[in-house]
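What follows is a short report on a single structure.
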Amino acid sequence: MKLNIQYYALMREQAGRSQETLETSAATPADLYGELASRYPFTLSREQLKVAVNSEFSDWSRKLESGDAVVFIPPVAGG
Amino acid sequence: MRFRFTHSAIDTAAARRELEHLGAGGYVSFEGWVRDHNEGQEVTRLEYEAFEELALKEGGRIIADALRRFPVKHALCVHRIGSLGLGDLAVWVGVSSTHRGEAFDACRFIIDEVKHRVPIWKKEHYRSGDSGWVNCERCAVVPHHAQP
């Protein structure tokens, strides 16, 4: 299935892109992060991140569907 | 909207006017400024970046939470995004209420929650030429200097 992934901040720099469409068999955001972490030099572990699917916070075990938009959220620092 | 972003200077006078209420006896505001140092490093400028779609939702939920928890009249938060220099205003929170106590409490609640919950990131640029994403670099599994 195809997923749309957007990257922000440190992860955008480490992925070298702000978004991509990916053909993947990853069933969950957790699986997807594992796949991407083997491709890009991410320094943050999954435990340090949150994840959003279709612009809402999500569980790592949510079942992904084709066309979903996934964003990994590094530790935030507003203010 | 009660939580919003701006890519240029925050108009605090206009923001304050949005809080006016004839039943309010006063208002409290908080301004977050870009300072010239952080954790032993000399900072020269900052870049703020947000996942705006989710940030607007989460920021809106924080304001709604504040209005439920505290008996205040109005509350508003404006966060700036982009490249900021020293002394620039990065975030503004304002709350109007009948009495001052709940305005102080709600204002503190909003800025604390925004810092913890809203997907906004801050990159510091240092005098040394180095730079780093706040809360992301030191907690990284593999420190940058250890990478080949």
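The values are calculated or read from the model by the stated rules, or taken from the named source; none is laboratory data. In this text the structure is predicted, and so the values were computed from the model without any measurement. With ideal geometry, Cβ positions are generated from the backbone for all residues, glycine too; neighbour counts draw on all protein chains shown.
So that you can scan it fast, the table gives a plain yes or no per residue for (1) in contact with a strand residue (DSSP E or B) (Cβ under 6 Å, 6 or more places away or on another chain); (2) of a type outside the set (A, V, I, L, M); (3) modelled with pLDDT of 95 or more; (4) surrounded by 15 or more Cβ atoms within 10 Å (Cβ to Cβ):
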| position | (1), (2), (3), (4) |
| --- | --- |
| A:10 | yes, no, yes, yes |
| A:15 | no, no, yes, yes |
| A:29 | yes, yes, yes, yes |
| A:50 | yes, yes, yes, yes |
| A:68 | yes, yes, yes, yes |
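Kindly evaluate residue A:36 against the criterion of being surrounded by 15 or more Cβ atoms within 10 Å (Cβ to Cβ), under 28 Å from residue B:6 (Cβ atoms) and more than 9 Å from chain B (Cβ to nearest Cβ). Against the criterion (surrounded by 15 or more Cβ atoms within 10 Å (Cβ to Cβ), under 28 Å from residue B:6 (Cβ atoms) and more than 9 Å from chain B (Cβ to nearest Cβ)), residue A:36 does not qualify. Residues of the range B:15-48 that are among the hydrophobic types (A, V, I, L, M, F, W, C) and in a strand (DSSP E or B): B:28, B:30, B:33, B:43, B:46.
Looking at the structure I just gave you, is residue A:76 in a loop (DSSP other than H, G, I, E, B), within 11 Å of another protein chain (Cβ to nearest Cβ) and of a type in the set (Val, Ile, Thr)?
yes
Among the residues of the range B:107-123, those identified as at the interface with chain A (Cβ under 10 Å from one of its Cβ atoms) and surrounded by fewer than 18 Cβ atoms within 10 Å (Cβ to Cβ) are B:112, B:115, B:116. For the range B:38-51, enumerate the residues that are within 14 Å of another protein chain (Cβ to nearest Cβ) and either crowded, with 16+ Cβ neighbours inside 10 Å or within 15 Å of residue B:111 (Cβ to Cβ) (or both). Hits for the range B:38-51 are B:43, B:46, B:47, B:48, B:49, B:50, B:51.
For the range A:39-73, what are the residues that are within 9 Å of chain B (Cβ to nearest Cβ) and among the aromatic types (Phe, Trp, Tyr)? Correct list: A:42, A:57. Checking each residue in the range A:9-29 for being under 12 Å from the mean Cα position of the chain (by Cα), part of a strand (DSSP E or B) and more than 14 Å from chain B (Cβ to nearest Cβ) picks out A:20, A:21, A:22. If you go through the range B:47-60 and keep only what is more than 13 Å from the chain's Cα centre (by Cα) and hydrophobic (A, V, I, L, M, F, W, C), you end up with B:51, B:54.
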